[in-house]
Amino acid sequence: MRHGGDLKGIINNIDYIYDLGFTAIWPTPVLTNDMQSGSYHGYAITDYYEVDPRFGTMKEYKELASKLRKNGMKLIMDQVAN
């Protein structure tokens with residue numbers, strides 16, 4: 001089971017996050033993680049080129065990156081490539 005928000009939720013709250021003094025966003029892994037045997041943590045990525053639909057779309061990911069950049073903030077992509 002997963003808990004939490006999505007990319008649109010972050011996008012909608014960039015100003016609030018910025019006002020808190022943050023200079024970067026480091027979301028949990030947002031790439032597709034569709035292991036049949038189960039992977040609750042998101043680090044068993046099955047597609048390194050696709051945003052997991054539970055979090056949003058690649059278009060939203062690019063929108064997030066663009067809006068953060070406009071605010072002088074950074075976006076860190078969390079993934080384990082092994």
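The values are calculated or read from the model by the stated rules, or taken from the named source; none is laboratory data. What you are looking at is a predicted structure, and each value in this text was computed from that prediction instead of being measured. Here Cβ is always computed from backbone atoms with ideal geometry, including for glycine, and neighbour counts include all displayed protein chains. To get the accessible areas, we keep the full protein, side chains included, count just its heavy atoms, and leave off ligands, DNA and RNA. Shrake-Rupley method; radii C 1.70, N 1.55, O 1.52, S 1.80 Å.
Summary table below
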{"quantity": "Residue in region 23-41 that is charged (D, E, K, R) and under 10 Å from the mean Cα position of the chain (by Cα) present", "calculated": "no"}
{"quantity": "Residue ID - farthest from Gly5 (Cα to Cα), chosen from residues in region 47-82 that are aromatic (Phe, Trp, Tyr) and open to solvent by less than 80 Å² (accessible area, probe 1.4 Å)", "calculated": "Tyr61"}
{"quantity": "Qualifying residue in region 23-38 (condition: of a type outside the set (D, E, K, R), open to solvent by 50 Å² or more (accessible area, probe 1.4 Å) and modelled with pLDDT of 90 or more)", "calculated": "yes"}
{"quantity": "Residue match in region 66-81 (condition: at pLDDT below 95 and touching a Leu at 6+ places or on another chain (Cβ under 7 Å))", "calculated": "yes"}
